[in-house]
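Novice: First the structure, then my questions, so here it is.
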Amino acid sequence: MKRSTTYAIPLSIMSLTLMLTLAGCGDVPGTDAAPQAAEPTFSGPWAEDFQRNYDDAGRQGNTFAQDVLRDGRITEAEATEAVNQYASCMKDAGFALDYVNPDGSSQMSGEMTDAENARYGEADGACDASSGSRWITALYNAVAGDPNGDLRNRSDEEARQDLADCLKRKGVVSDEFTAEDIPEVNASGDENWEFNRQFVEPGGRYYSERSTDILTQCNMDPRQ
């Protein structure tokens, strides 16, 4: 069995407020304080998301993610570096992925017991954070699919309906398929995996030669 993960465009991200208090230190003869990098000011349709991810990465102490986000853009090379670090971390934890793409999609061959699945989930969460992928990959995927932010301000319900309509329009699901069949934005990783595997694994309910590509396309831009 091949376990595949496809990351959808994030529909909403929990808002968190970052408060930093910088305490000044008196001058000490013979010492020089290290210069502090100026905090970025983001602009454009995705400014709020870059700011939120930048602040959250800072709270978690991930300077790599902050450096990537600082200029308000994420290149394919930067996204690739993040997912490669994620893959390396997962390998160190005992899970060798067949591949992982800049958009966060990945695959791992082999059967896993319930205990291994639980350990996989723990490793996934830890590696997602330590690699910086948590703050880089989904946002890279979202901006690539919606650079002008046309889809950004949809509600969760609207986004799920758009995805359902796209999948039906492209013929990979029946007319009985509804937005209620799609996990909500705050669904667990297992729920998302169970949904995705119906499209990406042979024998899945909606699997076909084109179903994986269509699911990815509809996630990226349901207007296609």
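Novice: Filter region 156-186 down to the residues that are touching a residue at least 24 places away in the same chain (Cβ under 8 Å) and either assigned to a helix (DSSP H, G or I) or open to solvent by 40 Å² or more (accessible area, probe 1.4 Å) (or both) and list them by number.
Specialist: Scanning region 156-186 gives Asp156, Ala159, Arg160, Asp162, Leu163, Asp165, Cys166, Leu167, Lys170, Glu184, Val185.
Novice: Here's a check for you: in region 175-211, which residue that is among the polar types (S, T, N, Q) and at pLDDT below 95 is farthest from Met108 (Cα to Cα)?
Specialist: Among them, the one singled out is Asn186.
Novice: State which residue is farthest from the chain's Cα centre (by Cα) when the search covers only region 174-191 and only residues that are more than 13 Å from Arg160 (Cα to Cα) and among the polar types (S, T, N, Q).
Specialist: Top of the filtered list is Ser174.
Novice: Does Asn219 fit the bill of being out of contact with any Pro (no Cβ under 7 Å at 6 or more places or on another chain) and within 25 Å of Ile74 (Cα to Cα)?
Specialist: yes
Novice: Now for a different question. Inspect region 198-207 for any residue being of a type in the set (Asp, Glu) and under 21 Å from the mean Cα position of the chain (by Cα) and give the result as yes or no.
Specialist: yes
One line per residue, one yes/no per condition, for (1) free of Cβ contacts under 8 Å to residues at least 12 places away in the same chain; (2) closer than 19 Å to Arg197 by Cβ; (3) surrounded by fewer than 14 Cβ atoms within 10 Å (Cβ to Cβ):
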{"site": "Leu97", "(1), (2), (3)": "yes, yes, no"}
{"site": "Pro102", "(1), (2), (3)": "no, no, no"}
{"site": "Met108", "(1), (2), (3)": "no, yes, no"}
{"site": "Asp114", "(1), (2), (3)": "yes, yes, yes"}
{"site": "Gly145", "(1), (2), (3)": "no, no, no"}
{"site": "Arg152", "(1), (2), (3)": "no, no, no"}
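Novice: Given (1) over 22 Å from Ile74 (Cα atoms); (2) surrounded by 14 or more Cβ atoms within 10 Å (Cβ to Cβ); (3) modelled with pLDDT of 90 or more, identify the lone condition not met by Leu139.
Specialist: (1)
Novice: Next up: Identify all residues within region 187-224 that are open to solvent by 50 Å² or more (accessible area, probe 1.4 Å) and among the acidic types (Asp, Glu); write none if there are none.
Specialist: Correct list: Asp190, Glu191, Glu194, Glu209, Asp213.
Novice: Same structure, new question: How many residues, within region 35-76, are under 24 Å from Ser106 (Cβ atoms), in a helix (DSSP H, G or I) and open to solvent by 70 Å² or more (accessible area, probe 1.4 Å)?
Specialist: 2
The values are calculated or read from the model by the stated rules, or taken from the named source; none is laboratory data. Please read all numbers here as calculations on a predicted model, not as lab measurements. Cβ atoms come from the backbone with ideal geometry, glycine included; neighbour counts cover every protein chain shown. These accessible areas exclude ligands, DNA and RNA; they are computed on the full protein's heavy atoms, side chains included. Shrake-Rupley method; radii C 1.70, N 1.55, O 1.52, S 1.80 Å.
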